[in-house]
Structure formats: C-alpha cells, structure tokens
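Please read the structure below before turning to the comments.
Read-outs: derived from the displayed coordinates by stated rules, not from any lab. Keep in mind that this is a model prediction, so the values were computed, not measured. So basically every Cβ, Gly included, is an ideal-geometry build from the backbone, and we count neighbours across all protein chains shown.
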Amino acid sequence: MIYTSTDEAQTRSIGRQLSTMIQGGSIVTLSGDLGTGKTTFAKGFAEGLGVKDTITSPTFSIMNVYDAHHHTGITTLVHIDTYRLEREEGLMAIGVEEYAGEVHTVLLIEWPEKIPSFLRAYTLISVHLSQKNNTERQIIVGGIS
C-alpha cells in the first residue's frame, strides 16, 4: 500500500488506519530518514490502539511501553527507537524479547536496520516514510494482506 501525506494530521491518520489492520503479536517497523514523520506516524498508530498517554520518541530510553485498549485484545504497545543503540545486544539487555510475538502486544520499531539479527526471527509489517517533495511524504506499507 502506498499513501501520500501532506501534513502531520494526515500522517497520524494513516498511522491510525494501519493500527486497525494489525493483530496482537505484530511487529511493525518504521524506517526513513530523520524528519520524515516516523514519530508522528507512531502517535497516530498508538491513538488507533487506544493508547491514552502522550507518545514521545524513545530515542534516549530506547523503549517505551504503553497500555493499549484495542477491540482486538491488544493491551500493550512497545515503542522502540534503535537510533542510538550501539550494539544489537543492548536491545536484549532491556528485555524486548519478553514482548516480541506476545499475543496481546504490538512492537513498533524505529530504525529497524540497526537490529537485523533480532528481526530475522519474525514476520514484519514494514512502513517506510520518505520526503517526496517540499509538501508531500510518501508512506509505503508492506507485509499486510
């Protein structure tokens, strides 16, 4: 699926829309250059899962865990940002494995290219955001049927 977004509200809306298409245990990866709207997309995605907390990029904490209230039984959103992760093993040290693939949990991972070994074991839904021109972003979603 390919979407075009012209502003933050539309990017959030696309994130909300994607959240209606996923199941518990899903891992959604967000890739794209700095400033392409990954965190904005994540905010909409979280809203769609019924997260009431303010979503912030976990750039320094690496992982934020939120309570979700989704009609499909998803109760937890784990938002991960690996941008500052120096070694993939650091992700295991903070306990991400206990959430991965859990039936009531969704992982949303920014900068997935930093953790290829971890992700290799899972089926992924990929979201790639890019700046199309001065006013538009392109959002490409793969792995959803």
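Data overview
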{"item": "Under the Debye formula (equal points on every Cα, no solvent term), log10 I(q)/I(0) of the range 4-129 at q = 0.17, 0.21 Å⁻¹", "result": "-0.80, -1.26"}
{"item": "The range 76-138 - share of DSSP beta bridges that are antiparallel (%, nearest 5)", "result": "25"}
{"item": "Mean residue ellipticity (222 nm) of the chain, computed from DSSP H runs ≥ 4 via -39,500 (n - 2.57), nearest 500", "result": "-6000 deg cm²/dmol"}
{"item": "Karplus (6.51, -1.76, 1.60) ³J(HN,Hα), θ = phi - 60°, over the range 77-92, in Hz, Gly and Pro reported as x", "result": "10, 10, 9, 10, 10, 8, 3, 8, 6, 7, 9, 4, 4, x, 5, 5"}
{"item": "Top positive-direction residue, dipole computed over the chain with Cβ charges, set Ile115, Ser130, Thr4", "result": "Thr4"}
{"item": "Likely footprinting exposure, Phe41, Phe118, fewest C-beta neighbours within 10 Å first", "result": "Phe118, Phe41"}
{"item": "Rounded to 5, the percent of DSSP beta bridges in the chain classed as antiparallel", "result": "50"}
{"item": "Candidates Thr54, Thr82, Thr29, ranked by Gaussian network fluctuation over the chain, Cα under 10 Å, top entry", "result": "Thr54"}
{"item": "Modelled label reach - Thr123, point 7 Å along Cα→Cβ, the range 8-50 residues with backbone N closer than 19 Å", "result": "18-30"}
{"item": "GNM flexibility winner over the chain from Asp53, Asp67, Asp81 (Cα, springs under 10 Å)", "result": "Asp53"}
{"item": "Cβ-placed point charges (K, R +1; D, E -1), dipole of the chain about Cα centre in debye, nearest 20", "result": "320"}
{"item": "Spatially proximal lysines relative to Lys114 (Cα-Cα < 18 Å; intrachain offsets below 8 disregarded)", "result": "Lys38"}
